[in-house]
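The values are calculated or read from the model by the stated rules, or taken from the named source; none is laboratory data. Just so we're clear, the structure is a prediction, and the values are computed from it rather than from any experiment. A quick note on method: Cβ atoms are made from the backbone with ideal geometry, for glycine too, and the neighbour counts reach across all protein chains shown.
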Amino acid sequence: MKVSAIRLVLLCVLCVTGAAGASDLGPITITATRVDKDVDEVPAAISVVGQDQIQLATEQLGLDESLGGVPGLFTLNRYNFAQDLRASIRGFGARSSFGIRGIRIIVDGIPETLPDGQGSVDGIDLGSARRITVIRGPASSLYGNASGGAILVESEKGPVVPFASARVTSGEFGFNNTQLKTGGEQGRLNYLLNLSDITSDNYRDHARYDNTQLNARLETALDNDASLLLSLHYTDQPLAEDPGSLDAAAAEDDPEQARAQNVIFDAGEALEQTRIGLLYRTGLGNNREFEARVYNTQRDFDNRLPFQDGGSVALDRGFYGAGIKYTLSDQLAGRPNRLLLGVDYDRQDDDRRRFDNLSGTRGALTFDQDEQVTSLGAFLQNETRLDDRLELTFGIRYDDIEFDVDDAFLANGDDSGRIDFDQASPMAGISADLGDGTRVYATISTAFETPTTTELANPAGGGFNQSLEAQESTNYEIGLKRRSGDQRVELALFHIEVDNELTPFELPSQPGRTFFENAGSSTRDGLELAWRGQLADTISFSTAYTYSDFEFDRFTDADGDVFDGNRLPGIPRDLLYLELNWFARSGLYASWNLTYTGELYADNANETEVDSSQVSNLRVGYNGFFDDWEIAPFLGINNLFDESYNNNIRINAFGERYFEPAPERNAYAGISIRARLGD
C-alpha cells in the first residue's frame with residue numbers, strides 16, 4: 001500500500017489527539033450484525049449516524065447530506081433524481097449508472113435491495129429516520145448478494161408523550177419541502193407517521209423533481225418478551241427529469257444547460273412504490289431469541305431514455321420475501337458463546353417492456369419480457385469469548401440465485417433463458433480488548449455480486465447477456481477503535497482482491513443506455529480514519545479521511561483495449577471531511593462542514609481526469625421551547641464558497657459526456673413547529 005508522509009503525519013496527529021479526554025461517550029449498540037452488539041466489539045468497520053445529523057436543518061434530499069462523515073463511503077449525484085444517488089463503499093457501487101449497486105440497503109429490517117442486487121433510495125424517508133448504520137466492507141456472510149457494504153436505516157419511534165409537528169423548507173432553484181409528523185404511545189402501541197412532499201426545479205435545465213412520501217412505523221408489545229413491528233411506506237414520484245451529462249466544453253460553457261437529446265426525448269422517470277413489512281421478535285427463554293419477517297413491495301416505473309429505438313421503458317415490479325433468525329446465547333467449552341442461524345427467501349418479478357421514444361411520446365413496442373429472480377440464502381454466525389479480552393467470530397452463508405427470462409416479443413426470435421449463480425461466503429474475525437477503551441481487530445470477509453437484471457441487458461437484443469459472471473471479492477482488514485473520554489478514534493486498513501469486476505460501457509448506437517462487462521481482476525488497498533470529540537463544552541469537531549488505491553490488475557475489454565495497472569474510474573484517491581458544530585445553551589446552533597474530493601478518472605483508460613474540489617456547507621438555527629411548543633427556525637447555505645464542481649460523473653460515457661455540473665452557491669430556509677399533545 002502506498003501511503004505518503006503527509007497521510008502518516010495526519011494519522012499520527014489524530015491518534016494522539018484522540019487519546020485525550022475527560023468524559024465518557026458511552027457504548028453504541030447496533031443490530032447491523034443481525035444481533036444486538038456494542039459497535040466497538042464488532043470485528044469490522046462500522047459507522048453510526050444519529051438523528052440530529054440526519055434531520056437537523058437539512059434539506060433532506062439525499063443520504064449524502066448526513067453520511068459525509070463516514071470514511072470509506074463516497075457519494076455522487078444528489079441533484080439528478082432520475083438517476084438516484086450513487087453511493088460506493090470501498091469501490092463497491094461505483095459502477096452504478098443509476099440506483100445503488102454492491103451495497104445492501106435495509107429499512108426497518110426490510111430489504112430495499114432486490115434479490116438481483118439493485119438497490120434504491122426511493123423508499124427511504126429521511127424526515128423520520130433516527131439512525132443510519134453503515135457497514136464498511138464486504139458482508140455477504142450476513143446479507144448475501146451485493147454486500148460489499150450495507151446501509152441500514154431505522155425510523156424514529158414515537159415518544160412517550162405524543163406530539164404533532166409541521167416543517168416547511170424553501171430555497172433557491174424552486175426547492176420546497178413540506179412535512180407533517182406525529183407520534184407517541186397509546187397503551188402497548190408505539191406509533192410514528194410522517195408525510196412529506198418535495199418539489200424542486202433544480203440548478204440545471206430539464207431537471208424538475210416532485211416526490212411525495214408517507215412513512216409509518218407501528219410497533220406493539222404482545223407480551224414481556226414479544227413485539228410486532230409493522231412498517232409502511234408509500235412513494236409517489238410523478239416527475240424526475242434527467243438533464244443528462246455533458247462533455248467538458250459544454251459543461252464549462254454553460255453548466256446549467258441540459259443535453260439537447262435529453263430535452264428532445266423528454267428523458268426522465270416516474271414511479272410509484274408501496275412497501276409493507278412485518279417484523280416479529282420474541283424471547284424463547286433460556287437465552288434464546290427468535291425473529292421472523294415478511295414483506296411485499298410493489299413498484300410501477302416508467303423511464304424515458306434519450307434515444308428512439310426502445311427508449312421508453314415500462315416496468316411493473318413485485319418484490320417480496322420472508323426470513324427467520326434464531327439466536328442462542330450459551331456456553332461453549334465453558335466460554336460465553338452466541339450462535340446465530342437464519343434463512344432468507346426473496347423473490348422478484350419484473351414485467352419489462354420497451355417502446356420507441358417518439359420525442360417523449362410512447363411509440364411502437366420493441367421489447368417485452370418477464371424476468372424473475374429467486375434468491376434463497378442460509379447463514380450461520382458464531383461468537384465465542386475466548387477470555388475476558390478476546391472474542392472470535394466466524395460466519396458463513398450460502399446463496400442460490402436463479403434468473404429466468406421469458407421473452408414475449410418474438411418478432412426477432414425467442415430470447416428466453418436462465419442463469420444460475422450460487423456462492424458460499426465465509427468470514428472470520430478476532431477482536432481484542434487492550435484496556436483503557438482501546439480495541440483492535442482483524443478480519444477476513446467476502447462478498448459477491450451478481451449482475452442485476454438491468455445489467456444483464458443484452459447488447460445484441462433481448463434476453464440476458466449470458467457472458468456476464470458474478471463479481472467476487474475477498475477483504476483482508478485490520479483496525480483499531482478507541483474511546484477515551486469525549487474523544488473517539490477509528491482506524492481501518494484493508495486489502496481487497498476482486499475477480500470479474502463488473503464495469504459499465506456505452507454503445508454509439510444507444511447513447512445514454514449502459515451495458516456491462518467483466519474485468520479480469522482488480523486490487524483495492526485503502527485506509528479509513530475517523531475522529532470526533534469535544535473541543536469545548538459547546539463545540540464539537542469531527543473528521544474522516546479515506547485513502548483509496550484501487551487498480552485494475554488485469555482487464556482487456558471487448559474492443560481489445562488493455563487497462564492493466566489503471567485506476568478504477570469514479571473513485572478519488574483522497575477524500576477528506578471536516579465538520580465543526582456549535583450548540584449554545586440558549587438554543588442557538590451552527591454546523592459547518594467541508595468535503596475535499598481528490599482527482600478521479602472518468603474512464604477505464606484514465607485519459608480524462610476530473611479535477612479535485614472543496615465543497616463547504618453551513619447550517620444555522622435556533623431551537624426555542626415555550627411550554628408545550630418547540631419553535632425551530634433554520635437557514636442553510638450549500639456550496640458556501642461557490643466552488644465549480646460536478647454533481648455526478650458518468651463513467652465511460654460515450655462521446656466523453658462524463659460531466660453533470662453541480663449547483664452554484666445556494667441557500668434555503670425553514671421552520672419547524674412541534675407541539676406536545678399530552679403530559
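Kindly indicate the residue of the range 436-462 that is at pLDDT below 85, surrounded by fewer than 21 Cβ atoms within 10 Å (Cβ to Cβ) and of a type in the set (G, A, S) and also nearest to A558 (Cα to Cα) among those meeting that condition.
My answer is A460.
Taking the residues in the range 569-596 that are among the aliphatic types (A, V, I, L, M) and under 25 Å from the mean Cα position of the chain (by Cα) as candidates, determine which candidate is surrounded by the fewest Cβ atoms within 10 Å (Cβ to Cβ). Let's see the steps before the verdict.
Within the range 569-596, the first condition is being among the aliphatic types (A, V, I, L, M), and the residues that meet it are 571, 575-576, 578, 580, 584, 588, 590, 594.
Adding the requirement that they be under 25 Å from the mean Cα position of the chain (by Cα) leaves 571, 575-576, 578, 580, 594.
Values: I571: 24, L575: 22, L576: 19, L578: 17, L580: 15, L594: 17.
Ranking the candidates gives L580 first.
Residues A146, A164, A150: which one is touching a Lys or Arg at 6+ places or on another chain (Cβ under 8 Å) and under 19 Å from W629 (Cα atoms)? Walk me through how you get there before you give the answer.
Values: A146 fails: under 19 Å from W629 (Cα atoms); A150 fails: under 19 Å from W629 (Cα atoms).
A164 is the lone residue from the list that is touching a Lys or Arg at 6+ places or on another chain (Cβ under 8 Å) and under 19 Å from W629 (Cα atoms).
Being touching a residue at least 60 places away in the same chain (Cβ under 8 Å), buried (at least 16 other Cβ atoms within 10 Å of the Cβ) and farther than 22 Å from I571 by Cβ is the filter here; which residues of the range 640-663 pass it?
Initially, the range 640-663 is screened for residues touching a residue at least 60 places away in the same chain (Cβ under 8 Å), giving 644, 646-663.
From what's left, buried (at least 16 other Cβ atoms within 10 Å of the Cβ): 646-654, 656-663.
Within the range 640-663, just P663 meets the criteria.
For D40, state whether it is over 15 Å from S542 (Cβ atoms), in a helix (DSSP H, G or I) and at pLDDT 85 or above. So that I can check it myself, show each step before the final result.
Working: over 15 Å from S542 (Cβ atoms): yes; in a helix (DSSP H, G or I): yes; at pLDDT 85 or above: yes.
For D40, the condition - over 15 Å from S542 (Cβ atoms), in a helix (DSSP H, G or I) and at pLDDT 85 or above - is met.
Tell me which of these I401 doesn't satisfy, since it passes every other one: (1) free of Cβ contacts under 8 Å to residues at least 60 places away in the same chain; (2) out of contact with any Lys or Arg (no Cβ under 9 Å at 6 or more places or on another chain).
All conditions pass for I401, except number (1).
Any residue in the range 531-554 that is closer than 21 Å to V49 by Cβ sitting within a Cβ distance under 9 Å of a residue that is among the β-branched types (V, I, T) and in a strand (DSSP E or B)? List the pairs, counting only those 6 or more apart or interchain.
Matching pairs, first to second residue: W531/V489; W531/T543; R532/V489; R532/T543; G533/V489.
If you take the residues in the range 125-184 that are part of a strand (DSSP E or B) and of a type in the set (F, W, Y), which one is nearest to V42 (Cα to Cα)? Please lay out each step first, then the result.
Looking only at the range 125-184, we keep the residues that are part of a strand (DSSP E or B), and these are 129-135, 150-155, 163-171, 175-184.
Narrowing further to those that are of a type in the set (F, W, Y): 163, 175.
On the way: F163: 36, F175: 41 Å.
Restricting to residues being part of a strand (DSSP E or B) and of a type in the set (F, W, Y), the top hit is F163.
When only residues in the range 201-221 that are more than 22 Å from the chain's Cα centre (by Cα) and outside any loop (DSSP other than H, G, I, E, B) count, which is modelled with the lowest pLDDT?
A221
Are any of the residues in the range 421-432 among the charged types (D, E, K, R), surrounded by fewer than 16 Cβ atoms within 10 Å (Cβ to Cβ), modelled with pLDDT of 95 or more and in a strand (DSSP E or B)?
The first filter runs over the range 421-432 and keeps only residues among the charged types (D, E, K, R), leaving 422.
Narrowing the set further to residues that are surrounded by fewer than 16 Cβ atoms within 10 Å (Cβ to Cβ) leaves 422.
Then drop every residue that is not modelled with pLDDT of 95 or more, which leaves none.
Within the range 421-432, not a single residue is among the charged types (D, E, K, R), surrounded by fewer than 16 Cβ atoms within 10 Å (Cβ to Cβ), modelled with pLDDT of 95 or more and in a strand (DSSP E or B).
Among what's in the range 546-568 and is within 15 Å of N652 (Cα to Cα) and of a type in the set (D, E), pick the residue that is surrounded by the most Cβ atoms within 10 Å (Cβ to Cβ).
Restricting to residues being within 15 Å of N652 (Cα to Cα) and of a type in the set (D, E), the top hit is D557.
Please verify whether G148 is free of Cβ contacts under 8 Å to residues at least 40 places away in the same chain and of a type in the set (G, A, S), treating the condition exactly as stated.
Working: free of Cβ contacts under 8 Å to residues at least 40 places away in the same chain: no; of a type in the set (G, A, S): yes.
It is false that G148 is free of Cβ contacts under 8 Å to residues at least 40 places away in the same chain and of a type in the set (G, A, S).
If you go through the range 413-441, how many residues are out of contact with any strand residue (DSSP E or B) (no Cβ under 6 Å at 6 or more places or on another chain) and at negative phi?
As a first pass, look at the range 413-441 and keep what is out of contact with any strand residue (DSSP E or B) (no Cβ under 6 Å at 6 or more places or on another chain): 413, 434-436.
Next, from what is left, pick out any that are at negative phi: 434.
The number of residues fulfilling the criteria is 1.
Kindly state which strands (runs of 3 or more DSSP E) lie completely within the range 510-593 and contain at least 2 residues that are hydroxyl-bearing (S, T, Y), modelled with pLDDT of 95 or more and on the phi < 0 side of the Ramachandran plot.
Details: elements: 514-518, 521-536, 539-554, 574-583.
Counting at least 2 such residues, we get 539-554.
Do we have A164 as free of Cβ contacts under 8 Å to residues at least 60 places away in the same chain, surrounded by fewer than 20 Cβ atoms within 10 Å (Cβ to Cβ) and out of contact with any Asp or Glu (no Cβ under 6 Å at 6 or more places or on another chain) here?
Numbers: free of Cβ contacts under 8 Å to residues at least 60 places away in the same chain: no; surrounded by fewer than 20 Cβ atoms within 10 Å (Cβ to Cβ): yes; out of contact with any Asp or Glu (no Cβ under 6 Å at 6 or more places or on another chain): yes.
So A164 fails the test.
Using the structure shown, decide if G342 is over 30 Å from R208 (Cβ atoms) and crowded, with 16+ Cβ neighbours inside 10 Å.
Values: over 30 Å from R208 (Cβ atoms): yes; crowded, with 16+ Cβ neighbours inside 10 Å: yes.
Criteria met by G342.
Mind checking which residues of the range 76-89 are touching a residue at least 60 places away in the same chain (Cβ under 8 Å) and either in contact with a helix residue (DSSP H, G or I) (Cβ under 6 Å, 6 or more places away or on another chain) or within 17 Å of L152 (Cα to Cα) (or both)? Full working, then the answer.
Taking the range 76-89 first, the residues touching a residue at least 60 places away in the same chain (Cβ under 8 Å) are 76-83, 86-89.
Scanning the range 76-89 gives R78, R86, A87, S88, I89.
Name the residue that is farthest from N202 (Cα to Cα), counting only residues in the range 250-281 that are buried (at least 21 other Cβ atoms within 10 Å of the Cβ) and basic (K, R).
Going through the qualifying residues, I end up with R275.
Report yes if some residue within the range 405-418 is in contact (Cβ under 8 Å) with a residue 24 or more places away in the chain and under 18 Å from I103 (Cα atoms); otherwise report no.
no
Consider T29 against the criteria (1) without any contact (Cβ under 8 Å) to a residue 24 or more places away in the chain; (2) more than 30 Å from A432 (Cβ to Cβ): it satisfies all of them except one. Which criterion is unmet?
Result: T29 fails condition (2) only.
Looking only at the range 49-71, which residues are within 14 Å of the chain's Cα centre (by Cα), within 19 Å of S616 (Cβ to Cβ) and not in a loop (DSSP other than H, G, I, E, B)?
Across the range 49-71, the qualifying residues are D64, E65, S66, L67.
Identify all residues within the range 597-623 that are touching a Pro at 6+ places or on another chain (Cβ under 9 Å), part of a strand (DSSP E or B) and either among the aromatic types (F, W, Y) or surrounded by fewer than 16 Cβ atoms within 10 Å (Cβ to Cβ) (or both); write none if there are none.
Across the range 597-623, the qualifying residues are Y601, Y622.
Would you point out the residue of the range 370-416, among those that are buried (at least 18 other Cβ atoms within 10 Å of the Cβ) and more than 26 Å from A447 (Cα to Cα), that is modelled with the lowest pLDDT?
Result: D415.
Looking at the range 365-394, I want the residues that are over 30 Å from R354 (Cα atoms) and have a partner that is of a type in the set (S, T, N, Q) with Cβ atoms under 6 Å, at least 6 apart or on another chain. Which pairs are those?
Listed pairs, sorted by first residue: E383/T393; T384/N337; E391/S431; L392/T384; F394/N382.
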